[in-house]
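Have a look at the structure below, then the notes.
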Amino acid sequence: MPAIRVPSFDPKVFLASIGRGRRILEFRKKRPIFTQGEPANAVFYLQKGRVKLTVVSARGKEATIGMLAAGDFFGEGCIADQPLRMTTASTMTDCTVVRIEKKAMMQVLHQQRTFSDLFVAYLVSRNIRFEADLVDQLFNSSEKRLARILLLLARFGKEGKPEALVPKISQETLAEMVGTTRSRVSFFMNRFRKLGFVQYNGGLYVHSSLLNIILHD
């Protein structure tokens, strides 16, 4: 009697389809996916679009702490028993998102090594990014920090082809992320434009030559 062949598990198929404990959701631009203070009961995977993570202090001051693109997970604090959302996730563009209930996420992590390897690799990569962000904030000038953020938004250094066109983002938001004033961001953006590092043509185009700002001492 021939052995029953069990189909192999494909993380990409899992993250691209609906099933028990997971749904595919569509969000229009500038819509909340979850809000700071809400119960944390699901993990999200961004299939398409851009998402912004923000946090509001007890005094009501809002800060942007991260930008996400296709292939990123977010809201994973729930699997570490985080009871409430510590951030707000909102769309910067039209987005397609997979919502995975906490129970379903825990189950696939325990049962499917290929998926858990992918997820752990993502978390390690993001932790390295957070450490680099901290070093950047502590030791680099605001001009270099702005250049680095623009390159990250354009996905330089990521797998696949970089996106030269950066999704629309206000100078106020860039100032929050850099840790400087809007006027300084405006000054540096004008300088980058004059040097040919960025271009405005129906949107913001970032050229790889902007790396010169980061590499220059």
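Taken together, the values in this text are just the output of simple stated rules run on the coordinates, not laboratory data. In this text, all values refer to a predicted model and were calculated from it rather than measured experimentally. Cβ placement follows ideal geometry from the backbone for every residue including glycine, while neighbour counts extend to all protein chains displayed.
Numbers for the structure displayed
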quantity: Likely footprinting exposure, Phe130, Phe73, fewest C-beta neighbours within 10 Å first; calculated: Phe130, Phe73
quantity: Extension gain, Gln47 back to Ser170 (0.36 nm per residue minus Cα-Cα distance, nm); calculated: 41.9 nm
quantity: Stretch gain in nm, segment Met86-Gln137, where the contour uses 0.36 nm per residue and the Cα spacing is subtracted; calculated: 16.2 nm
quantity: Rounded D (µm²/s) - the chain, Kirkwood Rh over Cα pairs, Stokes-Einstein at 37 °C, 0.692 mPa s; calculated: 173
quantity: Point-to-point label distance, Ile24-Ser209, nm (Cα→Cβ direction, 7 Å offset); calculated: 4.1
quantity: Gain upon complete extension [Asp72, Lys12; 0.36 nm per residue less C-alpha separation]; calculated: 20.3 nm
quantity: The chain, dipole about Cα centre (Lys/Arg Cβ +1, Asp/Glu Cβ -1), debye to the nearest 20; calculated: 560
quantity: FRET efficiency estimate (nearest 0.05) - Cβ-Cβ, Val55 to Arg31, R0 22 angstrom; calculated: 0.75
quantity: GluC sites (Glu not before Pro) within region 90-173: DSSP coil, no more than 10 neighbouring Cβ in 10 Å; calculated: Glu159
quantity: In nm, spacing of pseudo-spin labels at Glu101 and Phe130 (7 Å Cα→C-beta vector); calculated: 2.8
